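K.L.:
Here it is: the structure, laid out below.
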Amino acid sequence: MSHAATEQHDVVIVGGGGAGLRAAIAIAEENPAFSVACVSKVYPMRSHTVTAEGGAAGVIKPSDSLEDHIYDTISGADWLADQDAVEYFVHRAPEEMVQLEHWGCPWSRMPDGSVAVRPFGGMKIERTWFAADKTGFHMLHSLFQTTLKYGNIVRYDEHFATKLLLDDAGRCRGCAAIELRTGTVRAVLGRSVIICTGGAGKAFPFTTNGAIKTGDGMAMAYRAGVALKDMEFIQYHPTGLPGTGILITEASRGEGGILVNKDGRRYLEDYDLGEALDVSDPRHPQKRAMELGPRDKLSQCFVKEMWAGRTIRTKDGEVVHLDLRHLGEAKIDRRIPFVRELARNYAGIDPVHQPIPVRPVVHYVMGGIDVNSESATDIAGLYAAGECACVSINGANRLGSNSLTELLVFGAQAGRNAARFAMENPDLELGGLESQARDEGERIRRAYFSAGARRAGSADGGGASERIAVLRNELHEAMEDGAGIYRNQESLEKTCDKIAELKERYANVSLDDHTNSFNTELTAALELSSLLDVAETIAHSGRERTESRGSHQRLDHPDRDDDDFLAHSLAFRTEDGGAPRIEYRPVTITKWPPGARTYGADSGLKREAEGSGTGGPSAADGNTE
Amino acid sequence: MSKERASASAGRVGSGEQVAGSPVATDERTITLELFRYHPETDAEPRFQSYEVPYNEDWVVLDAINWIKDHVDGTVTHRWSCRMGVCGSCGMMVNGEPVLTCAAFLKSYFPFAVRVEPLVNFPVERDLVVSMDGFMDKLEAVKPYMIRDDVNDTSGGEFRQSPAELAKYKQFSMCINCMLCYAACPVVGHEEGFLGPAALALGHRYNKDSRDHGRSERMDVMLSDEAMWGCTFVGECSVVCPKHVDPAGAIQQAKAMGAQEYFKAFVMPKGAGA
Ligand SMILES: Cc1cc2nc3c(=O)[nH]c(=O)nc-3n(C[C@H](O)[C@H](O)[C@H](O)COP(=O)(O)OP(=O)(O)OC[C@H]3O[C@@H](n4cnc5c(N)ncnc54)[C@H](O)[C@@H]3O)c2cc1C
Ligand code: SF4
Ligand code: FES
């Protein structure tokens, strides 16, 4: 780790995924004289937004209403979402979606040239915009390519941020980041900072998340004193490919795919999710019912089927079948070609002729860095947006296709607010910040490269040497065993204890690689340290929440408890870096008091009359791209 | 808030099974990986290093490299993220062919050794990692964004585009920037300034987009790339492209468009005509 080089900008963004790039453009537009730094550990177009398949929600069609999108989101969240934030989100969504269209996103279209929308789980009306089934890919590339237009967006590609830099007044002024090519630690400084580092699915073994989703930004904010909110809420997507965890998008069910158990039964109808209409019935697929129920419920149904012995055994574990055959080759190729490609390549299955084996897979972290409805944290000058942040619009269960829209709406909002903060708050002293970055470089060198760290790794060095992969695998096992789809006090306590043990053993981690240039073993070690902190907040927040809500299901506390837990959990780092302190903050309720969460026949609740029986997707068949 | 204990099982999903990233070998067989090694701080010359890896039918080459890094040699350096063929990070030469290592299955090489090298036609940073600087500059050069005055005015709703208009450029918008086509292209190797297949296909993607008004601006850049005219339509780029972008086809179309444009500019004063 060579000494720190300092770079100065107006706003620093950590993360070059959908949220980070949207924020960057918002700042460049808000103040063209501003210099915007975008720090990313991978080239922006490698960010995990690229893998999103199904689509992005936004009310655009006359048959839809903002009110319905709000209600679907709040009920989908099991009332843990802040309703003021949800209202803002739903109102801003259409404009953001159109903006992305103007920036070139190749949305699938209707014959009249308007954008096409498809149904998605937990959504009462079809409102999910899509670019075939590569929506995230097209969104990310459109955003990235648009940033190339702005000379004032300065990219720090392949820079790994390790620490937030706060000045003496407690204001966030930038980050320390390792330039991978050289191993140099830089201080990237600005007058405000936005964290957009994405999720942390890699805390679990079986996940749709790529290698880079290790919760680094969450850990950085947590270590700087910001709470991590609602971390116990982890989304399992019901349809991942066994073995690899590769996602088969919900759009495959939006297009009419069905889930069956080993007896060929559409088992979801046994769990209050509605009636299994024949696939030839024009009302199939029914919105907010059966296969288009919300993800938490569908994943829970899988486990119950497994317990009842009605799932299918394969060499990669228990599965159910996602059957798309009735859609026919033409529709599959037109609407969900990537599903066919993935199933063929990675499962050896052609969905045109065979059902796809699927099982629940860790997909998304509902919780994240505690921000208010303006995307601001409690630290002056520090903002967060995207999957790493918790506003919260996702509450106890995110609806599919709300996340991509969230990146746009809150990425833009965070960008504007961080830009305004920077305009209102002039520069302060730099000195302390530079030396902090130097200290950070020194800390990393000592911890991973010093003679002591090397000795830990050698045979005669006291024997306590730990390999990254071993610790990571034990963490994975502990999370899956104790903090999976169904949890209880005992399982969570065990996981908490195990994580404490792993954190201790982490001190003895030793690397094979003590060189500077492109040291990806070092970054893997830093990522593991992020995961340990994030996992600890998940397990402890889960242990403290003695109720069941959305994705957090406690076998020992099976009911929702609004008296005690209509509240966000806030996990604060404690002084000694041990177990977090958990506090609670009430959920903001504006117009929608907590109600029963129903899907299937009475899914519409008070709005039952509308939309029921309207049948297939509005972008029905044949006509869209 | 009570915290009584419950005895029910926590319903583990996925216990003890093979998952990507922490793979478990299924049998005793092994396969040899010969990895290209080069470290700028310590090596004067690149070399190859062999590793025995447990053979698993379901593994891709990337899984085997990750297994080596995790369990045998943490100094092995490569890029990857999605493991589903869409982030574009993991392109390498495998037995001399440019491929996505997350989409190249060991079973198509077994029982023979697999030789893995960094993509050719790029400077090597370290081991299997190449420098992307030049590639990124080329992407930027073709102005790959919507050019029109009202691009930030959302008040009129979406710009209309029919499915047929979308189909005109859709294929060229599928590029994941994996750079395999640059490793396959005979011109890229010789002409440093050549924008190359992916960048030209990207420029062409915007030129063909009915919503865009920036064609002439973009064509100025593309046509001034003399090497584009030198592209002899070998078509290797389209053969190796994992996303069927057909950059060779895009270049041919761009050339035809360019010849037309050139002709118009020559016989008509600027601004006249379409
Ligand atoms: C397979 C899959 C399919 C999905 N499909 C959908 C869908 O159809 N609809 C939907 O709404 N949502 C979907 N989601 C969810 C959605 O895609 C993600 O929540 C969202 O894209 C996250 O975007 P982001 O910008 O917050 O983070 P990311 O895109 O993950 O970007 C994070 C950025 O932070 C950077 N970074 C991280 N750590 C560091 C560090 N230490 N230093 C520097 N930089 C760092 C990374 O380099 C990256 O640029 C899907 C998710 C997955 C995994
Ligand atoms: S055109 Fe194809 S081969 Fe070339 S970079 Fe794009 S996806 Fe890769
Ligand atoms: S790892 Fe993303 S394309 Fe191979």
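The values are calculated or read from the model by the stated rules, or taken from the named source; none is laboratory data. Values in this document were obtained by computation on a predicted structure and should not be read as measured data. Neighbour counts run over all protein chains shown; Cβ positions are idealised from the backbone, glycine included. Heads up: the accessible areas ignore ligands, DNA and RNA and are worked out on the full protein's heavy atoms, side chains in. Shrake-Rupley method; radii C 1.70, N 1.55, O 1.52, S 1.80 Å.
K.L.:
Please provide three numbers in whole Å: the alpha-carbon extents of the stretch B:133-267 along the principal axes, with the largest listed first.
P.N.:
Over the stretch B:133-267, Cα extents along the principal axes are 48, 39, 29 Å.
K.L.:
Which residues, if any, in the stretch A:483-506 lose at least 50 square angstrom of accessible heavy-atom surface (probe 1.4 Å) when the other protein chains sit next to their chain rather than the chain being alone?
P.N.:
For the stretch A:483-506, once contacts with the other chains are taken into account, A:489, A:490 lose 50 Å² or more.
K.L.:
Find the accessible area per residue for the stretch B:133-267; the probe is 1.4 Å, ligands and nucleic acids are left out, and the unit is Å².
P.N.:
For the stretch B:133-267, the per-residue accessible area is 43 Å².
K.L.:
If you take the square roots of the eigenvalues of the alpha-carbon gyration tensor of chain B and sort them as a ≥ b ≥ c, do you get rounded (a/c under 1.5), prolate (a/b over b/c) or oblate?
P.N.:
Cα axes put chain B in the oblate bin.
K.L.:
Something else about it: For residue A:587, list long-range residues whose amide hydrogen, built 1.01 Å from N in the peptide plane, is under 5 Å from its own amide hydrogen.
P.N.:
The answer is A:567, A:568.
K.L.:
Given 25 °C and 0.890 mPa s, compute D for the stretch A:290-428 with the Stokes-Einstein relation, Rh being the Kirkwood radius over Cα pairs; round to the nearest whole µm²/s.
P.N.:
Result for D is 133 µm²/s.
K.L.:
Let me ask you something else. Provide the per-residue ³J(HN,Hα) series for the stretch A:322-336, in order, calculated from phi with Karplus coefficients 6.51, -1.76, 1.60 and θ = phi - 60°, each as a whole number of Hz, with x at glycine and proline positions.
P.N.:
9, 9, 10, 4, 5, 6, x, 4, 4, 5, 4, 5, 7, 9, 9
K.L.:
Okay, next question. Can you tell me the length gained on complete extension of the stretch residue A:169 to residue A:6, counting 0.36 nm per residue apart and subtracting the Cα distance?
P.N.:
In short, 56.7 nm is gained.
K.L.:
Further, regarding this structure: Choose one answer from B:185, B:82, B:231: the residue with the largest mean-square fluctuation in a GNM of chain B with alpha-carbon springs under 10 Å.
P.N.:
Highest fluctuation of the listed residues: B:82.
K.L.:
Would you mind computing the Rg to Rh ratio of the stretch A:375-434 from its alpha-carbon coordinates, Kirkwood style for Rh?
P.N.:
Radius of gyration over Kirkwood radius for the stretch A:375-434 works out to 1.10.
K.L.:
Still on this structure, please answer the following. Take the Cβ-Cβ distance between residue B:192 and residue A:576 as r, set R0 to 60 Å, and report the resulting FRET efficiency rounded to the nearest 0.05.
P.N.:
About 0.60, to the nearest 0.05.
K.L.:
Going by Cα centres, the stretch A:382-426 and the stretch A:466-537 are how many Å apart?
P.N.:
28 Å
K.L.:
Report ³J(HN,Hα) in whole Hz for each residue of the stretch A:181-195, in order, from the Karplus equation J = 6.51 cos²θ - 1.76 cosθ + 1.60 where θ = phi - 60°; Gly and Pro get x.
P.N.:
Values, residue by residue: 4, 10, x, 6, 9, 9, 9, 9, 10, x, 9, 8, 9, 10, 9 Hz.
K.L.:
Looking at the square roots a ≥ b ≥ c of the eigenvalues of the Cα gyration tensor of the stretch A:42-84, which shape do they give, rounded for a/c under 1.5, prolate if a/b is larger than b/c, or oblate?
P.N.:
The shape class here is oblate.
K.L.:
Determine ³J(HN,Hα), in whole Hz, for all residues of the stretch A:342-357 in sequence, where each value follows from phi through the Karplus function 6.51 cos²θ - 1.76 cosθ + 1.60 and θ = phi - 60°; x replaces Gly and Pro.
P.N.:
3J(HN,Hα) across the stretch A:342-357, in whole Hz: 5, 5, 5, 5, 9, 10, x, 10, 9, x, 5, 10, 9, x, 9, x.
K.L.:
Let me ask something additional. With the full set of protein chains in place, find how many percent of the accessible area of chain A is carbon and sulfur; take the probe as 1.4 Å.
P.N.:
Here carbon and sulfur together make up 47 percent of the probe-accessible area.
K.L.:
Suppose R0 equals 51 Å. What FRET efficiency, 1/(1 + (r/R0)^6) with r the Cβ-Cβ distance, do residue B:49 and residue A:262 give to the nearest 0.05?
P.N.:
After rounding to 0.05, the efficiency reads 0.65.
K.L.:
Here is a further query. When the chain is fully extended, how far beyond the present Cα-Cα distance does residue A:497 get from residue A:91, taking 0.36 nm per residue of separation?
P.N.:
141.8 nm
K.L.:
Considering only B:79, B:205, B:148, give the residue with the highest GNM mean-square fluctuation for chain B, with springs between Cα atoms whenever their separation is below 10 Å.
P.N.:
Highest fluctuation of the listed residues: B:148.
K.L.:
Determine, from the Cβ-Cβ distance of residue A:333 and residue A:270 and an R0 of 35 Å, the FRET efficiency 1/(1 + (r/R0)^6), rounded to the nearest 0.05.
P.N.:
E(calc), rounded to 0.05, equals 0.60.
K.L.:
Under a 10 Å cutoff between Cα atoms, tell me which one of B:96, B:156, B:235 has the largest fluctuation in the Gaussian network model of chain B.
P.N.:
B:156
K.L.:
Same structure, new question: Please list, in chain and number order, the residues 5+ apart from residue A:509 or on another chain whose amide H is under 5 Å from its amide H, with Hs placed from the backbone.
P.N.:
A:466
K.L.:
Any idea how far apart residue A:326 and residue A:512 come out in nm if each label point goes 7 Å out from Cα toward Cβ?
P.N.:
5.2 nm
K.L.:
Volume per residue, Å³, of the convex hull around the alpha-carbon atoms of the protein assembly as shown?
P.N.:
159 Å³
K.L.:
How big is the accessible area of residue B:136 in square angstrom, nearest 10, if you roll a 1.4 angstrom probe over the protein chains?
P.N.:
For residue B:136, the solvent-accessible surface is approximately 20 Å².
K.L.:
Sticking with this structure for a sec: With no solvent and one equal point scatterer placed on each C-alpha of the stretch A:134-173, evaluate the Debye formula and give log10 I(q)/I(0) for q = 0.21 Å⁻¹, two decimals.
P.N.:
-0.83
K.L.:
Compute the relative contact order of chain B as a whole-number percentage, counting only Cα pairs closer than 8 Å that sit 6 or more residues apart in sequence.
P.N.:
15 percent
K.L.:
What is the spin-label model distance, in nm, from residue B:221 to residue B:168 if the labels are put 7 Å beyond Cα along the C-beta direction?
P.N.:
Label at residue B:221, label at residue B:168, 2.1 nm between them.
K.L.:
What is the percent of Cα-Cα separations in the stretch A:414-551 that go past 21 Å?
P.N.:
Pairs farther apart than 21 Å: 58 percent.
K.L.:
Going by accessible area, probe 1.4 Å, with all protein chains left in place, what is the ranking of B:236, B:117, largest first?
P.N.:
Largest to smallest exposure gives the sequence B:236, B:117.
K.L.:
For peptide A:35-47, compute the average count of partner chain beta-carbon atoms within 10 Å of each residue's beta-carbon.
P.N.:
3
K.L.:
Hey, for a label at residue B:34 modelled as a point 7 Å past Cα toward Cβ, could you say which residues of the stretch B:114-151 have their backbone N under 13 Å away?
P.N.:
Counting only backbone N, you get B:114-117.
K.L.:
Okay, moving on. Please state the equivalent ellipsoid semi-axes for the stretch A:523-592: what are the square roots of 5 times the Cα gyration tensor eigenvalues, largest first, in whole Å?
P.N.:
27, 14, 12
K.L.:
Ignoring ligands, DNA and RNA and using a 1.4 Å probe, state the total buried accessible area between A and B in Å², rounded to the nearest 100.
P.N.:
Approximately 7700 Å², summed over both chains.
K.L.:
Whole-Å semi-axes of the stretch A:238-362's equivalent ellipsoid, largest first, each the root of 5 times a Cα gyration tensor eigenvalue?
P.N.:
In descending order the semi-axes read 20, 19, 12 Å.
K.L.:
Can I ask one more? What is the stretch A:1-69 by shape, rounded, prolate or oblate, if you read a ≥ b ≥ c off the alpha carbon gyration tensor as root eigenvalues and call it rounded for a/c under 1.5, prolate for a/b larger than b/c, and oblate otherwise?
P.N.:
It is oblate, given that a/c is not under 1.5 and a/b is not larger than b/c.
K.L.:
Report the full-extension gain for the segment residue A:450 to residue A:33: residue separation times 0.36 nm, less the Cα-Cα distance, to one decimal in nm.
P.N.:
Stretched out fully, the residue A:450 to residue A:33 stretch lengthens by 145.8 nm.
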